[in-house]
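To start, the structure under review is shown below, and the notes come after it.
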Amino acid sequence: MCFLICANAFSQILSSSVEKKTIALGELNHIVITINNLHDKKVSAAPENELLPFHFEEVKDSIAQTKDIYYRRIEFAVFEEGTFKIPELEFKVDGKVLKTIPYEIDVINTAKKGDQINDIMNNKEVNLEVKDYWELYKWYILAALSVIALIIAIIMFIKWGRKAKDSPVVATNQTLKELDSLKKKKYVESGDYRSFYVELIDISRKFISRQYHLPADVLLTDDLIDLMKKNNTISQENEKVVEEVFLRGDLVKFAKTFPDQEAMEKDFANIREFVKRSSKDLEFENLRKDV
């Protein structure tokens, strides 16, 4: 008996109580936990506003402790209908674990048809800083910037990209590459004059169409020569080269002439120089238009 009396006198006693077991949606309720006979011992428990489970919205969590008593009062509300359980809550006193009894809270909806609806909780005012606005709207801002960048890129492509592809320098370089490819086929060395002139004139016609914007790819040789002379876009020196090579090419195609290697090499060199000199024709034409 003395032992039991001493044990009860010096052991800690935990008690808990819940104000209501049945509450309405959003109605405030309280749970109170008290520990007696602490004898200046430290109590460890979950931090403020973190003791109750998920469904219980803690509104206020008050903790007070004296030399012998630990007192904790939690004001909470539940915003869903149903039965929710407050499990055993643990408190450590000098390494010893004390637990409360579990509670079941029934939450009911007391609203009726026609009742005025009021906010359960007041709206909270939050002061937002620049970084907060950035976090909220950064994806919209980035999307808008991407769209603007895409529009600018399309405009630049339309305005300058196509011009760059059709520019005299690009046309000249492309044709010079095609002429180099023709030379590598060694039609001149093998004496295949027909294939040589067919490809040489095709390359030249495409170049004239692209560089001078003349329908050289569809006109007969005589018509093309006549158009070049009337158009005055191509210089007389270049006209002479085109006329000589194109007429000789027509004769070769119909087997009316058989050029030797020297003549083929000369025609190739003349067409190559004509392609290189074409930029001067265009410069002169631009000056003439300006005047």
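The values are calculated or read from the model by the stated rules, or taken from the named source; none is laboratory data. Source: prediction; values computed, not measured. Cβ placement follows ideal geometry from the backbone for every residue including glycine, while neighbour counts extend to all protein chains displayed. Note: accessible area is taken over every heavy atom of the protein model, side chains too, but ligands, DNA and RNA are not part of it. Shrake-Rupley method; radii C 1.70, N 1.55, O 1.52, S 1.80 Å.
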Check: part of a loop (DSSP other than H, G, I, E, B) and open to solvent by 100 Å² or more (accessible area, probe 1.4 Å): does that describe Lys124?
Finding: yes
Margin query: Any residue in the stretch 1-24 that is closer than 12 Å to Asn37 by Cα sitting within a Cβ distance under 6 Å of a residue that is assigned to a loop (DSSP other than H, G, I, E, B) and at pLDDT 55 or above? List the pairs, counting only those 6 or more apart or interchain.
Written below: Gln12/Asn37; Ile13/Asn37
Note to self: Looking at the stretch 122-147, I want the residues that are under 30 Å from Gly26 (Cβ atoms) and have a partner that is open to solvent by less than 100 Å² (accessible area, probe 1.4 Å) and part of a loop (DSSP other than H, G, I, E, B) with Cβ atoms under 9 Å, at least 6 apart or on another chain. Which pairs are those?
What the structure shows: Leu136/Leu128
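Quick one: count up the residues across the stretch 241-262 that are of a type outside the set (A, V, I, L, M), open to solvent by 70 Å² or more (accessible area, probe 1.4 Å) and assigned to a helix (DSSP H, G or I).
Here is the first cut: in the stretch 241-262, the residues of a type outside the set (A, V, I, L, M) are 243-244, 246, 248-250, 253-254, 256-262.
Going one step further and asking which of them are open to solvent by 70 Å² or more (accessible area, probe 1.4 Å), we end up with 244, 248, 253-254, 256, 258, 260-262.
Keeping just the survivors that are assigned to a helix (DSSP H, G or I) gives 244, 248, 253, 261-262.
Within the stretch 241-262, residues that are of a type outside the set (A, V, I, L, M), open to solvent by 70 Å² or more (accessible area, probe 1.4 Å) and assigned to a helix (DSSP H, G or I) number 5.
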Next item on the list: Tell me which of these Gln12 doesn't satisfy, since it passes every other one: (1) at pLDDT 90 or above; (2) in contact with a strand residue (DSSP E or B) (Cβ under 7 Å, 6 or more places away or on another chain).
Entry: (1)
Note to self: Can you pull out every residue in the stretch 197-231 that is in contact with a Ser or Thr (Cβ under 7 Å, 6 or more places away or on another chain) and closer than 10 Å to Phe246 by Cβ?
What the structure shows: Ala216
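I need the full set of residues from the stretch 81-101 which are part of a strand (DSSP E or B), within 16 Å of Ala46 (Cβ to Cβ) and open to solvent by less than 80 Å² (accessible area, probe 1.4 Å), in order please.
Within the stretch 81-101, the subset part of a strand (DSSP E or B) is 82-86, 90-93, 96-99.
From what's left, within 16 Å of Ala46 (Cβ to Cβ): 86, 90-93, 97-99.
The answer is Ile86, Phe91, Val93, Val97, Leu98.
Looking only at the stretch 185-213, count how many residues are part of a helix (DSSP H, G or I) and either under 16 Å from Ser279 (Cβ atoms) or in contact (Cβ under 8 Å) with a residue 24 or more places away in the chain (or both). Lay out the reasoning, then the answer.
Looking only at the stretch 185-213, we keep the residues that are part of a helix (DSSP H, G or I), and these are 187-190, 193-212.
Narrowing further to those that are either under 16 Å from Ser279 (Cβ atoms) or in contact (Cβ under 8 Å) with a residue 24 or more places away in the chain (or both): 187-189, 193-194, 196-198, 200-201, 203-204, 206-208, 210-212.
Number satisfying all stated conditions: 18.
Given the criteria at pLDDT 90 or above and either among the aliphatic types (A, V, I, L, M) or within 46 Å of the chain's Cα centre (by Cα) (or both), does Val147 qualify?
Against the criterion (at pLDDT 90 or above and either among the aliphatic types (A, V, I, L, M) or within 46 Å of the chain's Cα centre (by Cα) (or both)), Val147 qualifies.
For the stretch 70-80, which residues satisfy the criterion of being assigned to a loop (DSSP other than H, G, I, E, B) and touching a strand residue (DSSP E or B) at 6+ places or on another chain (Cβ under 6 Å)?
In the first step, residues of the stretch 70-80 are kept if they are assigned to a loop (DSSP other than H, G, I, E, B); the result is 78-80.
Hit for the stretch 70-80 is Val78, nothing else.
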Notebook entry, point to check: Out of the residues in the stretch 226-240 that are among the charged types (D, E, K, R) and without any contact (Cβ under 8 Å) to a residue 12 or more places away in the chain, which is least open to solvent (accessible area, probe 1.4 Å)?
Noted result: Asp226
